[in-house]
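Asks: Below is a structure I'd like to ask you about.
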Amino acid sequence: MSKSPVPTPHNNAKVGDIAETVLLPGDPLRAKFIAETFLEDVVQYNTVRGMFGYTGYYKGKKISVQGSGMGIPSIGIYSYELIHFYGVKNLIRVGSAGAINEKLKVHDVVIGMGACTNSNYADQYGLPGTYAPIASYELLQKAVDVAKEKGTEVTVGNILSSDTFYNDGGLEPLRKWQKMGVLCVEMEAAALYMNASRAGVNALTILTISDCPFTGEETTSHERQVAFTKMMEIALELA
């Protein structure tokens, strides 16, 4: 695909407006919260479709935060443009997830080493087999080290990026993933990992458990927007 001029159809930013390290919360209001809470000298570079993007400084390091929307098609667009049109090198998803592993509780932090998926996103690459999307080891190792320094307990392992939030099969599909040791379910990481791998850049997904489908325990929408600060603090240290 040929390079598109910037600004793009989805982003007001000009070349140079976005840092090489970008945090990607799905919720644009979470992007706003991160920028206003943690960053200094903040400039908002994007308002297209209400998908807010900001650049500022964290402990003297330039960093951006960009809402990426819900689902693989949405993060696929935003991450592709950030990588290919804005020169982003490190993309860190900070999102919420539903627990599949019964040991996980609400507010636990999970780092996605790999991302299973029921999406056909990988079909575009014409691979002669099944692709296994994985995180950048460099970012993964650093995130684990940062968590230890902060005294934040994290669980590292395989996650599921699902195309369906309301599944016609109910909880049964999640039980099958549970048997394979998958920790939790979200909706974006696999596409992020594929886009990053294809382009030779770094990507990582850090999640906070927002609900436990098997027990019915869940957080509020406001908590998901502003209360998941432990994963945000880990991600910011990766710049």
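Asks: Testing residue 33 on (1) among the hydrophobic types (A, V, I, L, M, F, W, C); (2) part of a helix (DSSP H, G or I); (3) exposed (fewer than 14 other Cβ atoms within 10 Å of the Cβ), one condition comes back false. Which one is that?
Replies: (3)
Asks: Which of the residues spanning the stretch 54-77 are out of contact with any helix residue (DSSP H, G or I) (no Cβ under 7 Å at 6 or more places or on another chain) and open to solvent by less than 40 Å² (accessible area, probe 1.4 Å)?
Replies: Within the stretch 54-77, 55, 64, 71, 74 qualify.
Asks: Of everything in the stretch 108-123, what is in a loop (DSSP other than H, G, I, E, B) and either buried (at least 18 other Cβ atoms within 10 Å of the Cβ) or touching a strand residue (DSSP E or B) at 6+ places or on another chain (Cβ under 6 Å) (or both)? Give them in sequence order.
Replies: Result: 108, 119.
Asks: Among the residues of the stretch 61-107 satisfying the criterion of being in a helix (DSSP H, G or I) and hydroxyl-bearing (Ser, Thr, Tyr), which is nearest to residue 165 (Cα to Cα)?
Replies: Step by step, filter the stretch 61-107, then rank; the result is 74.
Asks: Separate question: Report, by residue number, each residue of the stretch 129-187 that is part of a loop (DSSP other than H, G, I, E, B), among the hydrophobic types (A, V, I, L, M, F, W, C) and either touching a Pro at 6+ places or on another chain (Cβ under 8 Å) or more than 14 Å from residue 205 (Cβ to Cβ) (or both).
Replies: 132, 165, 171, 180
Asks: Within the stretch 155-169, identify whether any single residue is farther than 13 Å from residue 100 by Cβ and within 16 Å of the chain's Cα centre (by Cα), and answer yes or no.
Replies: yes
Asks: May I ask you to verify whether residue 237 is among the acidic types (Asp, Glu), open to solvent by 50 Å² or more (accessible area, probe 1.4 Å) and either more than 24 Å from residue 73 (Cβ to Cβ) or modelled with pLDDT under 95 (or both)?
Replies: For residue 237, the condition - among the acidic types (Asp, Glu), open to solvent by 50 Å² or more (accessible area, probe 1.4 Å) and either more than 24 Å from residue 73 (Cβ to Cβ) or modelled with pLDDT under 95 (or both) - is not met.
Asks: Please find, within the stretch 185-228, the residue that is nearest to residue 33 (Cα to Cα) out of those that are open to solvent by 40 Å² or more (accessible area, probe 1.4 Å) and among the hydroxyl-bearing types (Ser, Thr, Tyr).
Replies: Filtering the stretch 185-228 for residues that are open to solvent by 40 Å² or more (accessible area, probe 1.4 Å) and among the hydroxyl-bearing types (Ser, Thr, Tyr), the one nearest to residue 33 (Cα to Cα) comes out as 221.
Asks: Please tell me if residue 101 is within 14 Å of residue 194 (Cα to Cα), at pLDDT 95 or above, among the polar types (S, T, N, Q) and open to solvent by 40 Å² or more (accessible area, probe 1.4 Å).
Replies: No: the conditions fail for residue 101.
Asks: From 88, 106, which residue is over 27 Å from residue 53 (Cβ atoms), in contact (Cβ under 8 Å) with a residue 40 or more places away in the chain and of a type in the set (A, V, I, L, M)?
Replies: Result of the check over 88, 106: 106.
Asks: Need the failing condition index for residue 81 against (1) surrounded by fewer than 23 Cβ atoms within 10 Å (Cβ to Cβ); (2) farther than 23 Å from residue 187 by Cα, just the number.
Replies: (2)
The values are calculated or read from the model by the stated rules, or taken from the named source; none is laboratory data. Just so you know, these numbers come straight off a predicted model, no measurement behind them. In this analysis, Cβ positions are derived from the backbone assuming ideal geometry, glycine residues included, and neighbour counts consider all displayed protein chains. In case anyone asks, the SASA skips ligands and DNA or RNA and just uses the protein heavy atoms, side chains included. Shrake-Rupley method; radii C 1.70, N 1.55, O 1.52, S 1.80 Å.
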